[in-house]
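The values are calculated or read from the model by the stated rules, or taken from the named source; none is laboratory data. Computed from a predicted model, the values in this text were never measured in an experiment. Cβ: placed from backbone, ideal geometry, glycine included. Neighbour counts: every protein chain shown.
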Amino acid sequence: MVNEEKLRILLIEHSAEDADVVLKILSQSGFRINYQCVTTTEDLQEALKIQDWNVILSDYALPRFNACDVIKLIKNQGLDTPLIIISSNVGEDAAASIMALGAYDFMMKANLARLVPVIRRSLREANNYQRFITAQTALQKSEALFQAITSNLPGVVFQFQLSSNDQASFPYVSDASETLLGLSPQKLMSNPELFPELILAEDKESYCQLMMTSAEQLSTWNWEGCIQVKGDSDIKWISLRATPRRMLDGVMLWDGIMINITRNKLAEREITRSREQLAELSSYLQKVKEQERARIAREIHDDIGGTLTAIKCELFPCMDKTARKLEFYQQKAKSIELLVDRVIDSTRRISLDLRPGILDCGIVAAVQWQAKEFSDRTGIVCRVSCDNDEISLDADLAIAIFRVFQETLTNISKHANASRIQVKLVELEGLVLLEVIDNGCGITEIDMKKQDSFGIRGMRERCLQLKGNFHISGESEKGTRVTILIPTGDSECHSEQSYDLNNKFKEFSQSESVRKRKQISLL
């Protein structure tokens, strides 16, 4: 704010006597004057550049230029300094014309009684104008900042208003409404009823109820529901959160934001579905475990237990004191030997069912052994291809891969109606890949999504527990492909990496396509 005791004046006056009169009047009025007097346009231009003047006093007519020229020079400099014209003899038309061009005031040299009041008024108005410009600039910056923030928020910023007669309106809506709601801000503000029309019927009651509760209790309005944009088949979940305030006229005004939470809701449903599937799988595995325990117990009781009972029965006659011939004891010994061999075979078979000892020879040997055993048992041709017979895996990883392979073969024997199977076992830069392809009927999407597809779920969970990837695909009457890709964790380098297994799988598939790997015959 300009201090009125100090005054910077630019005088445009060719008469030194008239200039002295003006300066004397101002000095007597209490101003401390800092002034410069110019008489040419060149001096005027220079003075306008080097100093910020509070007021400019100019004669109407000078020898080389006039007040009109002064106004042009001031405007060309982009200045808004008040210009007061002081003249000795000018008509009313000329005075009106110069005021219209932008002069602040006009007075005669013969009557300077108004000079000080006019200068003081011009200073006040200049100061007020400067304040207005400052406030306007700040407002524009604030509006620009608000617009930038709302444009980059992941949702619609809005103001919602509810009058005393329950008339709804949107005083403000951000540009994001076009993306989220399919409605432009202008359209929604002019037709506020369009928003409730987007809400699905089952969610409208909660929308209205929560809004009225927020208005009554002045509490935050939190609502989640579904909308369907016209012309769009997809249903969107949105979250509305707004803070209410009651205006002086009784109108309720909410400031809030609407966000698209469809992805969050789908993720929640997927998590819930996954948890349900995991619970079902856990229950199924527990049931299978109990069945397996019952089977093993039955085999031990019926097979091994029965055989041991038979051995005891064979030994019992040999333990009494009755004298018998040597041939009797020799015959008993042969029978007992046969029974012991049966116990050994049963023990080996049960042990192999629990954990094949072939795993101690490595995953490659175990897969080859299982493939041969499966082929001998089912008659389905099963061929194993492996570039490296020395793939070394830790025990947990080897067992997991072996069990997935066993489960895959079991599924093929039960459902695929296949005649040939191709197995590929590969080690790929810290990853191990097992691929099993059959030429059966082919698994479908419906089959994979069945609630009782516990075999597939179990294989997938085994892979996920080892930070691996499980993929199954099929084509009707052309067969099924099962692929697992699991980090081996055999080096510090690989253990510190975060594998993008999907990309690894794509790279493998592409390399196989380039090499045109021979497909299994459908015959």
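List the pairs whose first member sits in the stretch 265-283 and is not assigned by TED's automatic domain parsing to the domain that holds Trp237, whose second member is surrounded by 12 or more Cβ atoms within 10 Å (Cβ to Cβ) and assigned to a helix (DSSP H, G or I), and whose Cβ atoms are under 6 Å apart, counting only residues at least 6 apart or on separate chains?
Cβ pairs passing all conditions: Leu281/Phe454; Leu281/Arg457.
Residues in the stretch 340-358: is at least one of a type in the set (Ser, Thr, Tyr), modelled with pLDDT under 90, buried (at least 17 other Cβ atoms within 10 Å of the Cβ) and assigned by TED's automatic domain parsing to the domain that holds Ile304?
Checked the stretch 340-358: at least one residue is of a type in the set (Ser, Thr, Tyr), modelled with pLDDT under 90, buried (at least 17 other Cβ atoms within 10 Å of the Cβ) and assigned by TED's automatic domain parsing to the domain that holds Ile304.
Among the residues of the stretch 213-262, count how many are under 20 Å from Gln167 (Cβ atoms), out of contact with any helix residue (DSSP H, G or I) (no Cβ under 6 Å at 6 or more places or on another chain), touching a residue at least 40 places away in the same chain (Cβ under 8 Å) and assigned to a strand (DSSP E or B).
Selection size over the stretch 213-262: 5.
Out of the stretch 101-138, which residues are free of Cβ contacts under 8 Å to residues at least 12 places away in the same chain and small (Gly, Ala, Ser)? Before the answer, list the steps.
Pass one, the stretch 101-138, residues free of Cβ contacts under 8 Å to residues at least 12 places away in the same chain: 111, 113-114, 117, 121, 124, 128, 130-138.
Across the stretch 101-138, the qualifying residues are Ala113, Ala135, Ala138.
Among the numbered conditions (1) assigned to a helix (DSSP H, G or I); (2) aliphatic (A, V, I, L, M); (3) loosely packed, with under 12 Cβ neighbours inside 10 Å, tell me where Ala323 comes up short.
(1)
Quick one: which of Ile33, Ile84 is within 14 Å of Tyr104 (Cβ to Cβ), part of a strand (DSSP E or B), at pLDDT 85 or above and over 60 Å from the mean Cα position of the chain (by Cα)?
None of the other options fit; the residue is Ile84.
Of everything in the stretch 114-159, what is under 29 Å from Ala176 (Cβ atoms) and in a loop (DSSP other than H, G, I, E, B)? Give them in sequence order.
Result: Leu153, Pro154.
Just one of the numbered conditions (1) more than 60 Å from the chain's Cα centre (by Cα); (2) assigned to a helix (DSSP H, G or I); (3) not β-branched (Val, Ile, Thr) is not true of Arg295; which one?
(1)
Need pairs with beta-carbon distance below 7 Å; first residue over 22 Å from Gly305 (Cβ atoms) and within the stretch 323-345, second at pLDDT 85 or above; sequence gap 6+ or separate chains.
none
For the stretch 443-476, give me each residue that is assigned to a strand (DSSP E or B), surrounded by fewer than 17 Cβ atoms within 10 Å (Cβ to Cβ) and small (Gly, Ala, Ser).
Result: Ser473, single match.
What are the residues in the stretch 84-99 that are free of Cβ contacts under 8 Å to residues at least 60 places away in the same chain, among the aliphatic types (A, V, I, L, M) and farther than 11 Å from Ile71 by Cα, if any?
If the condition is that a residue be free of Cβ contacts under 8 Å to residues at least 60 places away in the same chain, among the aliphatic types (A, V, I, L, M) and farther than 11 Å from Ile71 by Cα, then Val90, Ala94, Ala95, Ala96 are the ones that fit.
What residue, among those in the stretch 160-188 that are assigned to a helix (DSSP H, G or I) and of a type in the set (A, V, I, L, M, F, W, C), is surrounded by the fewest Cβ atoms within 10 Å (Cβ to Cβ)?
Leu180
Taking Ser58 and the conditions (1) farther than 30 Å from Arg131 by Cβ; (2) of a type in the set (Gly, Ala, Ser); (3) in a strand (DSSP E or B), which numbered condition does it fall short on, given that it satisfies the others?
Among (1) farther than 30 Å from Arg131 by Cβ; (2) of a type in the set (Gly, Ala, Ser); (3) in a strand (DSSP E or B), Ser58 violates only (1).
What are the pairs with Cβ atoms under 7 angstrom where one residue, in the stretch 305-316, is closer than 17 Å to Phe328 by Cβ and the other, located anywhere, is among the hydroxyl-bearing types (Ser, Thr, Tyr)? Sequence gap at least six, or different chains.
Pairs found: Glu314/Ser335.
Only residues that are touching a residue at least 60 places away in the same chain (Cβ under 8 Å) and aliphatic (A, V, I, L, M): list them for the stretch 452-482, please.
Within the stretch 452-482, Leu466, Val482 qualify.
Looking only at the stretch 10-50, count every residue that is touching a residue at least 24 places away in the same chain (Cβ under 8 Å), surrounded by 13 or more Cβ atoms within 10 Å (Cβ to Cβ) and under 18 Å from Val70 (Cα atoms) and tell me the total.
17
Select from the stretch 379-396 the residues that are of a type in the set (Gly, Ala, Ser) and in a loop (DSSP other than H, G, I, E, B) and write down the one among them that is surrounded by the most Cβ atoms within 10 Å (Cβ to Cβ).
Among them, the one singled out is Ser392.
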